[in-house]
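**Q** Here it is, the structure, as structure tokens.
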Amino acid sequence: MTNRARRGLEAFLKRKAAVPSEDASTLTLRDGRALTLRIRRHPTARRLTLRLAPDGSEARVSIPRWAPFGEGRAFATSRIDWLTAQLAKVPQPEVIGAGSALSFRGRELVVTWRADLPRSPAIVGDALQLGGPADNVSRRVQRWLEGEAIALMRADLAYYCDAAGVAAPDIRLSRAQRRWGSCSTSGTIRVNWRLVMAPDHVRRSVVAHEVAHLAHFDHSPAFHAFLASIYEHDIGAADRWLKRHGRSLHAPFG
């Protein structure tokens with residue numbers, strides 16, 4: 001066997017021996033409903049954790065690298081009643097249109113559409129007013145929210161990078177279903193656009209969290225101390241708000 005063939009065989013055997021990192025199956029609830037169950041091996045996990053996707057579309061189990069997928073499935077099955085209770089709390093999708101209530105920076109606005117109003121949305125008192133075609137009100141309101149989100153988040157980013165003493169990286173909007181923010185190894189920060197509907201201190205806590213990762217790319221005590229030094233509010237209160245109300249941000253716009 002040539003050296004080239006041997007190297008090719010060794011690479012093939014390594015791929016064959018690689019442990020899969022994810023498994024997807026279906027979990028049947030007591031009422032007969034089928035729920036997608038996604039199990040992921042996490043490199044730093046020391047125990048099994050179970051979460052429900054914010055939109056209720058799937059249950060997610062994180063397991064240590066050494067744990068078999070069967071253990072993850074048994075773990076989820078043993079908590080079917082908890083999953084059923086969490087599903088009952090998931091807000092039903094809402095299509096935003098004339099007369100809809102819409103949260104913006106923690107403040108409730110009423111979407112007001114009239115054919116004679118300007119096409120671009122604008123806040124007037126407690127209303128978000130707009131005109132234009134009646135059949136795409138939802139999409140135009142979402143685009144407006146996204147525009148407001150990136151403007152606010154860029155200002156947040158500049159503020160916290162100045163406080164942290166680091167150069168401001170690129171920031172982009174995210175549409176993730178299970179993460180409010182992320183910071184890549186290249187330094188790019190992504191923040192979920194739906195946070196523009198949350199109170200300002202909640203949105204800003206997520207931006208501050210990701211900026212803190214520019215100095216500490218982990219969740220060590222040093223990271224948390226650094227985050228507390230640059231964030232001007234109570235980070236625990238912001239986290240509790242997201243835990244209690246975060247799912248409600250996924251209901252508008254379906």
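**Q** I'd like the accessible area for D218, computed on protein heavy atoms only with a 1.4 Å probe and all protein chains in place. Round to 10 Å², please.
**A** Taking all protein chains as shown, D218 has close to 70 Å².
**Q** Could you tell me the accessible area of T84 in Å² (1.4 Å probe, neighbours in place), rounded to the nearest ten?
**A** Counting only protein heavy atoms, the figure is 50 Å².
**Q** Considering only the other residues whose Cβ falls under 10 Å of the Cβ of L173, what net charge follows from Lys and Arg at +1 and Asp and Glu at -1?
**A** That sum, taken over residues with Cβ under 10 Å, equals +3.
**Q** Let me ask you something else. Based on alpha-carbon atoms only, what is the radius of gyration of region 172-221 relative to the globular estimate 2.2 N^0.38 Å?
**A** 1.11
**Q** Okay, moving on. Can you list the GluC sites (Glu not before Pro) in region 66-162 that are in a DSSP coil and have 16 or fewer other beta carbons within 10 angstrom?
**A** Qualifying residues, ordered by number: none.
**Q** Largest first, what is the accessible-area ranking of V207, V124 with a 1.4 Å probe? Walk me through the numbers before you get to the answer.
**A** Details: V207 0, V124 75 Å².
Correct descending sequence by accessible area is V124, V207.
**Q** For region 211-254, compute Rg over Rh where Rg is the Cα radius of gyration and Rh is the Kirkwood radius from the inverse mean 1/r over Cα pairs.
**A** 1.12
**Q** Just to be sure I understand: if I project the alpha-carbon convex hull of the chain onto a plane and average over all orientations, what area do I get in nm²?
**A** The orientation-averaged projected area of the Cα hull of the chain comes to 19.5 nm².
**Q** Which number do you get for Rg(Cα) / (2.2 N^0.38 Å) in region 152-254? Display every interim value, and only then the final one.
**A** Values: Rg = 12.9 Å, N = 103, 2.2 N^0.38 = 12.8 Å.
In units of the 2.2 N^0.38 Å rule of thumb, it is 1.01.
**Q** Something else about it: Could you tell me how many cubic angstrom of Cα convex hull volume region 45-124 has per residue?
**A** Residue-normalised Cα hull volume stands at 148 Å³.
**Q** Right, here's the next one. Keeping all protein chains in the complex and leaving out DNA, RNA and ligands, what accessible area do you get for I230 with a 1.4 Å probe, in Å² to the nearest 10?
**A** Here the residue's solvent-accessible area equals roughly 10 Å².
**Q** How far is helix 3-17 tilted off the main Cα axis of the chain, in degrees rounded to 10, range 0 to 90?
**A** 60
**Q** Counting pairs of alpha carbon atoms under 8 Å apart in space and at least six apart in sequence, what relative contact order in percent does the chain give?
**A** 15
The values are calculated or read from the model by the stated rules, or taken from the named source; none is laboratory data. If you're wondering where the values come from, they're calculated on a predicted model, not measured in any experiment. With ideal geometry, Cβ positions are generated from the backbone for all residues, glycine too; neighbour counts draw on all protein chains shown. Areas reflect the complete protein model, heavy atoms only, side chains present, ligands, DNA and RNA absent. Shrake-Rupley method; radii C 1.70, N 1.55, O 1.52, S 1.80 Å.
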